[in-house]
């Protein structure tokens, strides 16, 4: 989940970000170069996301992270 409340694929987070995934720990580090930009919990399926009580839109990698008002 990004900071705007959207769900993103770890394979294509977009925005020049890359995800480093630890499936055992269910941890996702969202990296921009060598900088840790965001952290998240890994959910393997949308059903797992819903079971966790999370309701959010799934957006493609082409969807922008943040907006101009956020400094992006």
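The values are calculated or read from the model by the stated rules, or taken from the named source; none is laboratory data. In this text, all values refer to a predicted model and were calculated from it rather than measured experimentally. Every residue, glycine among them, receives a Cβ derived from its backbone with ideal geometry; neighbour counts consider all protein chains shown.
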Practice item. Please enumerate the residues belonging to the stretch 32-72 that are part of a loop (DSSP other than H, G, I, E, B), over 13 Å from the mean Cα position of the chain (by Cα) and modelled with pLDDT under 90. Key: 67, 71, 72
Revision key, fill the gap. Taking the stretch 12-26 and keeping residues in a loop (DSSP other than H, G, I, E, B) and under 10 Å from the mean Cα position of the chain (by Cα) leaves 12, 13, 14, 17
**Study point:** Unmet requirement for residue 29, which otherwise passes all of (1) under 13 Å from the mean Cα position of the chain (by Cα); (2) at pLDDT 95 or above; (3) surrounded by fewer than 14 Cβ atoms within 10 Å (Cβ to Cβ)
**Key:** (3)
Check your understanding: Which of the residues spanning the stretch 6-20 are surrounded by 11 or more Cβ atoms within 10 Å (Cβ to Cβ) and closer than 22 Å to residue 55 by Cα?
Key -> 6, 7, 8, 9, 10, 12, 13, 14, 19
Practice item. Under 6 Å between Cβ atoms, at least 6 apart or on separate chains: pull out the pairs that start in the stretch 37-57 with a residue that is farther than 16 Å from residue 10 by Cβ and end on any residue that is surrounded by 13 or more Cβ atoms within 10 Å (Cβ to Cβ) and modelled with pLDDT of 90 or more. Key: 57/6
**Study point:** Count of the stretch 4-33 residues which are out of contact with any strand residue (DSSP E or B) (no Cβ under 7 Å at 6 or more places or on another chain) and closer than 20 Å to residue 66 by Cβ
**Key:** 10
